[in-house]
1. Glu267 passes all but one of (1) without any contact (Cβ under 8 Å) to a residue 12 or more places away in the chain; (2) in contact with a strand residue (DSSP E or B) (Cβ under 8 Å, 6 or more places away or on another chain); which number fails?
2. If Val228 meets every condition in (1) surrounded by 23 or more Cβ atoms within 10 Å (Cβ to Cβ); (2) β-branched (Val, Ile, Thr); (3) within 15 Å of the ligand (Cβ to nearest atom) apart from one, which number is that one?
3. Look at the range 1-26 and say how many of its residues are in contact with a strand residue (DSSP E or B) (Cβ under 8 Å, 6 or more places away or on another chain) and surrounded by fewer than 18 Cβ atoms within 10 Å (Cβ to Cβ).
4. Considering only the range 282-299, how many residues are open to solvent by less than 80 Å² (accessible area, probe 1.4 Å), more than 20 Å from Glu182 (Cα to Cα) and either within 16 Å of the ligand (Cβ to nearest atom) or touching a helix residue (DSSP H, G or I) at 6+ places or on another chain (Cβ under 7 Å) (or both)?
5. Quickly run through the range 157-186 and pick out the residues that are of a type outside the set (A, V, I, L, M, F, W, C), touching a residue at least 24 places away in the same chain (Cβ under 8 Å) and assigned to a helix (DSSP H, G or I).
6. Enumerate the pairs (first residue in the range 191-211 and under 16 Å from Trp221 (Cβ atoms) and free of Cβ contacts under 8 Å to residues at least 24 places away in the same chain; second residue anywhere and outside any helix (DSSP H, G or I) and within 12 Å of the ligand (Cβ to nearest atom)) with beta-carbon separation below 6 Å, excluding pairs fewer than 6 apart on the same chain, so at least 6 apart or on different chains.
7. How many residues does the range 59-89 hold that are more than 25 Å from Ser118 (Cα to Cα) and open to solvent by 20 Å² or more (accessible area, probe 1.4 Å)?
8. When Ala240 is evaluated against the numbered criteria (1) in a helix (DSSP H, G or I); (2) surrounded by 19 or more Cβ atoms within 10 Å (Cβ to Cβ); (3) small (Gly, Ala, Ser), which criterion, by number, is the only one it fails?
Amino acid sequence: MPRALITGITGQDGLYLGELLLSKGYEVFGLIRGQNNPKRELVETTLPGITLLTGDLTDLSSLMRALQASQPDEIYNLGAISFVAYSWENASLTTDVTGKGVLNMLEAARMYAGDDVSGIRFYQASSSEMFGKVQQVPQSEETLLWPRSPYGVAKVFGHYMTINYRESYGMHASSGILFNHESPRRGPEFVTRKVSQAVARISLGLQDEIVMGNLDAKRDWGFAGDYVEAMWRMLQQPTADDYVISTGETHSIRELLDHAFAAVGIEDWSGYVRQDPAFMRPAEVDLLIGDASKARDVLGWTPTVSFPELVKMMVESDVHEQKASATR
Ligand code: GDP
């Protein structure tokens, strides 16, 4: 039975990846942070059979202990402080966790593997935020990185450190440059879930309006369930490499609002949406569109859920959730 350790198990991708690996017969271990983590119960009910280990990406010895306990064949480093807007207010902490945390995990893996690093495979969750002030459209593995937020800068550090461990020690360390990926499990601070939750509540008469930031921002949004499949495929390759994972389509926040309101039968949403500078960012990334042709050619990976389907799935799930909580 192959064994996998996932950091960031409480997040959207950790849950989807955990489900995928359990369905493939893996023994799955998840790293969970802190005492009385409020998400422990969610992980235990979503992923029955998983073993949770306590540790923190900023604490090297806790990572060493987690590796000793789990003895993994594959490590998926998904743990990070991942909300871009928050990263300006907490740049130093974001750097410690999202950036230096990657080095800690790589170093723990190298020490754990000893003389033979070939026994371990490592996945680093890199991000399209690394392209920031984009130098090329669409963005591929070759595009020059130009991050535009402390989060993006920290992810660039982790990305290059992963490549460095591959080149310095011959570690099977791959980096997935994932464009935005969403689902009903996305945190409500991200714009897709913020909109799907608010639209569900508006349709049920529980809320009057949504207060938004920049409606002209655009993203290449895919479905998280598709994206974790790409992570797993990267680690099954004979050699490690870097891959862009994206849909190749870009949509604006306005289009997101169009699809979300249409899912509850509202065509004109102008009366429900208000803009507030509080949700604007000090700097925005430019036109993010990924070129995932390498992933398609080498990994045989393509997305299966379209943007309208994704938005509809999220709104319907939130309508269901809001109705359930109203009757509780
Ligand atoms: P990100 O790509 O990781 O930053 O994902 P987000 O979902 O947080 O933001 C996506 C885009 O939506 C950014 O360009 C934001 O400026 C824009 N946006 C507009 N209004 C909002 C809002 O109310 N909340 C968030 N989170 N983003 C917003």
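1. The one condition Glu267 does not meet is (2).
2. Failing condition for Val228: (3).
3. Counting residues in the range 1-26 that are in contact with a strand residue (DSSP E or B) (Cβ under 8 Å, 6 or more places away or on another chain) and surrounded by fewer than 18 Cβ atoms within 10 Å (Cβ to Cβ) gives 4.
4. Quick first cut of the range 282-299, residues open to solvent by less than 80 Å² (accessible area, probe 1.4 Å) only: 283-295, 298-299.
Then keep just the ones that are more than 20 Å from Glu182 (Cα to Cα); that gives 283, 293-294, 298-299.
Within this subset, residues satisfying the condition of being either within 16 Å of the ligand (Cβ to nearest atom) or touching a helix residue (DSSP H, G or I) at 6+ places or on another chain (Cβ under 7 Å) (or both) are 283, 299.
Counting residues in the range 282-299 that are open to solvent by less than 80 Å² (accessible area, probe 1.4 Å), more than 20 Å from Glu182 (Cα to Cα) and either within 16 Å of the ligand (Cβ to nearest atom) or touching a helix residue (DSSP H, G or I) at 6+ places or on another chain (Cβ under 7 Å) (or both) gives 2.
5. Start the filter on the range 157-186 by keeping residues that are of a type outside the set (A, V, I, L, M, F, W, C), which leaves 158-160, 162, 164-170, 172, 174-176, 180-186.
Subset that is touching a residue at least 24 places away in the same chain (Cβ under 8 Å): 158-159, 162, 165-166, 169-170, 172, 174-176, 180-186.
Hits for the range 157-186 are Gly158, His159, Thr162, Tyr165, Arg166, Tyr169.
6. Lys194/Pro188
7. At the first step, the residues of the range 59-89 found to be more than 25 Å from Ser118 (Cα to Cα) are 80-89.
Then keep just the ones that are open to solvent by 20 Å² or more (accessible area, probe 1.4 Å); that gives 80-83, 85-86, 88-89.
The total comes to 8.
8. Checking Ala240 against (1) in a helix (DSSP H, G or I); (2) surrounded by 19 or more Cβ atoms within 10 Å (Cβ to Cβ); (3) small (Gly, Ala, Ser), the one that fails is (1).
The values are calculated or read from the model by the stated rules, or taken from the named source; none is laboratory data. Only a predicted model underlies this, so the values are computations on that prediction, with no experimental measurement involved. No Cβ is skipped: glycine too gets one built from the backbone with ideal geometry, and neighbour counts run over all protein chains shown. Ligands, DNA and RNA are excluded from the accessible area calculation, which covers all protein heavy atoms including side chains. Shrake-Rupley method; radii C 1.70, N 1.55, O 1.52, S 1.80 Å.
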